[in-house]
1. Test Val81 against the criterion of being under 17 Å from Leu94 (Cα atoms) and out of contact with any Pro (no Cβ under 7 Å at 6 or more places or on another chain), and give yes or no.
2. Hey, can you tell me all the residues within region 68-103 that are outside any helix (DSSP H, G or I), modelled with pLDDT of 95 or more and over 21 Å from Gln21 (Cβ atoms)?
3. Quick one: would you say Tyr51 is free of Cβ contacts under 8 Å to residues at least 60 places away in the same chain, surrounded by 16 or more Cβ atoms within 10 Å (Cβ to Cβ) and assigned to a helix (DSSP H, G or I)?
4. Identify the residue in region 11-48 that is among the hydroxyl-bearing types (Ser, Thr, Tyr), surrounded by fewer than 20 Cβ atoms within 10 Å (Cβ to Cβ) and part of a helix (DSSP H, G or I) and, among all such residues, is nearest to the chain's Cα centre (by Cα).
5. Is it true that Leu94 is surrounded by 19 or more Cβ atoms within 10 Å (Cβ to Cβ) and of a type outside the set (Phe, Trp, Tyr)?
6. Do we find a residue being under 17 Å from Leu101 (Cα atoms) and either at pLDDT below 95 or among the β-branched types (Val, Ile, Thr) (or both) anywhere in region 15-25?
Amino acid sequence: MDRIEKLKEYLTATPNDAFLQHALALEYVKKGDDGKAQELFENLLGSNENYVGSYYHLGLLLERKGEEEKAATVYQKGMQVAKAAGEQHAFNELKAAYENLVY
């Protein structure tokens, strides 16, 4: 059984597990299925906007797709969430990605 199938199996038992949802999205990124990965990241952030790590990866994905404006918005929202959560490292990564994109 491959990683994607294994993660889907775990999610059957715990469908609201943000870590598993994030991990599944990353597996789709590795596989080159940005469409499915984007859908998963967006669903995750729609139901759990405090899952800070997904903002960075969704932003990178959007950049790869040429959707710079959307990526910038995702990075900005991620910075707000990271700052509110006191997650300085995540904030710094998101800020660097944002600045690299817009400057």
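1. Numbers: under 17 Å from Leu94 (Cα atoms): yes; out of contact with any Pro (no Cβ under 7 Å at 6 or more places or on another chain): yes.
Spelling it out, Val81 is indeed under 17 Å from Leu94 (Cα atoms) and out of contact with any Pro (no Cβ under 7 Å at 6 or more places or on another chain).
2. Gly86
3. Numbers: free of Cβ contacts under 8 Å to residues at least 60 places away in the same chain: yes; surrounded by 16 or more Cβ atoms within 10 Å (Cβ to Cβ): yes; assigned to a helix (DSSP H, G or I): no.
So Tyr51 does not fit the description; no.
4. Taking region 11-48 as the starting set, the residues that turn out to be among the hydroxyl-bearing types (Ser, Thr, Tyr) are 12, 14, 28, 47.
If we keep only those that are surrounded by fewer than 20 Cβ atoms within 10 Å (Cβ to Cβ) as well, we get 12, 14, 47.
Filter once more, so that each one left must be part of a helix (DSSP H, G or I): 12, 47.
Values: Thr12: 20, Ser47: 13 Å.
Only one residue fits best here, namely Ser47.
5. On the way: surrounded by 19 or more Cβ atoms within 10 Å (Cβ to Cβ): yes; of a type outside the set (Phe, Trp, Tyr): yes.
For Leu94, the condition - surrounded by 19 or more Cβ atoms within 10 Å (Cβ to Cβ) and of a type outside the set (Phe, Trp, Tyr) - is met.
6. Of region 15-25, the ones under 17 Å from Leu101 (Cα atoms) are none.
No, every residue in region 15-25 fails to be under 17 Å from Leu101 (Cα atoms) and either at pLDDT below 95 or among the β-branched types (Val, Ile, Thr) (or both).
The values are calculated or read from the model by the stated rules, or taken from the named source; none is laboratory data. Because the structure is a prediction, the values reported are computed rather than measured. Every residue, glycine among them, receives a Cβ derived from its backbone with ideal geometry; neighbour counts consider all protein chains shown.
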